[in-house]
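Read-outs throughout are calculated quantities, based only on the coordinates presented, and are distinct from any laboratory measurement. Here the structure is a predicted model, which is why all the values come from computation and not from measurement. Positions of Cβ are generated from backbone atoms using ideal geometry, with glycine treated the same way; all protein chains shown enter the neighbour counts.
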Amino acid sequence: MRPEIALPILIPLAAGALSLLAWRSHAAQRTLGLVGTGLLLAASLWLAASTWQDGILVMHMGGWPAPFGIVLVSDLLGAIMVVLAGITGFATAVYSLVAVGREHERFGYYPLLHLLLAGVNGAFLTGDVFNLYVWFEVMLVASFALLILGGERAQMEGAIKYVTLNLLSSALFLSAIGLLYGMAGTLNMADLAVRLAETGSNGLTTVIAVLFLVAFGIKAAAFPLFFWLPASYHTPLVAVSALFAGLLTKVGVYALFRFFTLIFTHDVAFTHEVLLWIAAATMLTGVLGAAAQFEFRRILSFHIVSQIGYMIMGLALYTPLAIVGGVFYIVHHIIVKANLFLISGVVYRLRGSYELARLGGLYRSSPGLALLFLIPALSLAGMPPLSGFFAKFILVRAGLEAGAYTVVGVALVVGLLTLYSMIKIWNEVFWKAMPENDGEPNDDVMNDDRPAQPAGGLALLYLPVIGLAALTLGIGLGAQPFLELAERAAAQLLDPTGYIHAVLGDAAGIRP
Amino acid sequence: MRKQSVILRTAAHVLLPLLLLFSAFLLLRGHNAPGGGFIAGLVASAALALYLFSLGIASARHALGVDPRRLIGAGLVIAIGSALPAAFFGDAFFTGRWLTLDWFPSGPLKLGTPLLFDLGVYLVVIGSVMTIVLTLAEAEERPDAPSNEGD
């Protein structure tokens with residue numbers, strides 16, 4: 001038995017349960033937050049190392065063999081995602097020590113944080129479609145509660161849009177699961193892959209595939225149903241929005257990668273063509289939306305949407321190189337995006353606003369922060385030698401090789417516009433002089449998360465920012481090992497027989 | 001909360017222990033027959049809710065004895081704990097493990113990790129439902145107070 005497969009789910013669940021028990025003790029909750037996410041990070045690295053060495057790992061929960069029981073499967077893509085969840089979770093927990101005040105802890109910030117991480121990891125590791133739905137719901141419940149933590153008017157407004165669209169997505173997901181089960185008689189992903197390959201392509205399969213595509217597309221904030229994201233991500237606590245920005249939409253992207261490489265590959269010409277157009281539209285609308293925004297976190301939120309387009313582009317091109325690019329892009333994006341949100345929180349802490357018009361002069365007063373902003377910002381825009389450059393480079397090359405010139409053109413233009421957006425933030429927040437009436441914290445800001453101990457706390461805010469920026473630099477300067485990782489993950493995705501064999505064992509051959 | 005009728009109050013006193021007993025019965029029966037932690041937890045929380053509506057919030061909190069949120073935590077810990085014994089024997093998490101006790105004349109008593117899991121679910125359900133019910137009842141109690149989400 002390999003315990004490391006289940007640990008990334010069990011650790012946050014246990015930490016969440018314990019911090020519920022320690023409801024009244026802030027110190028205990030904070031310690032559990034740090035220790036829980038730290039252990040999670042360690043466990044995820046262990047899982048990734050095992051998966052790298054020994055190939056796809058499977059655990060049949062409760063000893064019930066697949067396809068009857070629920071299986072946890074860790075292939076390289078799943079393991080990479082779990083590691084990224086561990087990194088983001090740990091960075092958020094460190095950041096939260098200062099950024100999350102007692103009044104928010106009192107409403108269950110830490111238990112919800114752990115629950116969210118458990119849901120995310122569950123979704124990454126499960127090998128069962130219905131189980132995936134359950135983890136999506138765990139995630140949704142936790143994220144909804146985190147989103148409204150604090151109960152401000154803007155948060156409610158954002159949360160209603162968030163919940164409405166996510167429930168719609170869940171309903172579609174569930175209907176698709178029902179149809180799929182009716183057609184194939186199984187919900188085990190590996191078993192589904194075998195069954196659907198046997199029955200061959202028909203119209204219903206494609207309909208179900210598109211239903212899943214829409215359901216996961218909403219979760220991933222892909223065009224056209226992305227508007228819940230920019231409506232809600234700028235409203236919660238900044239630690240929460242960093243965690244959301246890093247992880248939540250990527251679960252949708254992960255599900256798309258899993259389903260459209262393992263299960264629905266019967267009609268690539270149609271489904272992946274649809275995905276390609278969605279990718280192009282997502283990139284373009286996201287970046288254009290960002291251009292019209294003048295609030296730090298809203299700009300970043302729109303850029304999440306546009307970046308999702310790049311990842312889907314990798315999946316949609318469906319060539320080995322493109323999938324490598326997509327996986328690499330996810331790795332790069334999660335770290336960069338979470339970091340940018342954390343930086344927006346530091347800026348807010350220093351200046352008391354997210355509005356670009358009210359910010360300025362930070363280059364003069366905190367040059368270190370300015371530099372720390374430039375690393376993820378330029379990486380997001382795809383400047384060499386940062387991680388985003390390699391991610392975009394691989395995708396563009398894959399696109400050219402596949403002859404998808406339109407989408408490559410869109411990707412390049414969007415890269416340029418991303419640079420414009422990042423420079424806009426740079427100019428407004430760091431470069432220009434501080435506008436008059438400076439120093440006064442605004443009354444109309446979204447969140448009142450001023451620190452309990454303003455002076456000493458800043459170092460703890462910088463720590464995760466520096467760590468994530470170092471990772472971005474590391475992925476850029478030492479891209480080769482990460483590239484190899486992405487290559488092997490992509491190879492596993494493109495050849496599902498390994499996955500199927502790992503899950504079903506010899507049963508795969510016996511089935512009529 | 002309004003003063004409730006004598007009949008309801010008297011009935012609540014009698015019904016609470018009966019319903020709790022019934023929920024324990026459902027919990028234990030659930031292993032091989034319809035029942036189980038979830039439904040038993042709902043029955044128990046229905047009993048507590050009835051108690052709350054007839055005798056007020058304070059007595060319901062007293063009858064519950066602990067903060068319901070702690071029940072959620074304890075239940076989760078127990079449920080996760082039921083996954084672990086198997087791991088020590090090298091099986092997958094959540095594989096059932098049984099302990100057979102031969103001390104009773106009526107036959108061997110088999111205690112297993114599924115029961116532990118059910119017990120965890122039982123506590124989580126009571127904890128969640130009572131958190132919701134108490135929060136709603138307390139919000140109704142003081143309508144002028146600002147409502148707080150998430151508490």
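Computed from backbone phi with θ = phi - 60° and the Karplus coefficients 6.51, -1.76 and 1.60, the 3J(HN,Hα) list for the range A:253-264 is 5, 4, 4, 4, 4, 5, 5, 8, 10, 9, 9, 9 Hz; x is used for glycine and proline.
Counting Cβ atoms of other protein chains within 10 Å of each residue's Cβ and taking the mean over peptide A:59-66 gives 5. Restricted to Cα atoms, the protein assembly as shown shows a radius of gyration and a Dmax of 25.8, 87 angstrom.
Backbone amide hydrogens, once placed in the peptide plane, bring residue A:434 within less than 5 Å of A:361, excluding anything fewer than 5 places away on its chain.
Ranked by how many other Cβ atoms sit within 10 Å of their own Cβ, fewest first, the residues B:51, A:162 fall in the order B:51, A:162. With N as its number of residues, the range B:6-141 has a Cα radius of gyration that, divided by 2.2 N^0.38 Å, comes to 1.21.
The calculated pair-distance distribution of the range A:1-53 uses every alpha carbon pair, bins of 5 angstrom beginning at 0, and gives 5, 23, 25, 18, 12, 9, 5, 2, 0 percent. Close amide-amide hydrogen proximity is noted between residue A:128 and A:71, A:189, each under 5 Å apart and 5 or more residues distant or on a separate chain (H modeled in the peptide plane; Pro and chain starts excluded). Per-residue Cβ neighbour counts within 10 Å put A:332, A:104 in the sequence A:104, A:332, beginning with the fewest. In whole percents, the pair-distance distribution calculated for the range A:219-285 from its alpha-carbon pairs, binned every 5 Å from zero, is 4, 16, 21, 23, 17, 10, 6, 3, 1. Peptides B:34-47, A:226-239, B:107-120, ordered by how many other C-beta atoms sit within 10 Å of their residues on average, highest first, read A:226-239, B:34-47, B:107-120. For chain A, take the longest principal axis of its alpha carbons; what is the angle in degrees between that and the long axis of helix A:296-317, to the nearest 10 within 0 to 90? It works out to around 20 degrees.
For a straight C-alpha distance cut-off of 27 angstrom, the lysines reachable from residue A:337 (same-chain residues fewer than eight places away being disregarded) are A:161, A:219, A:250, A:392, A:424, A:432.
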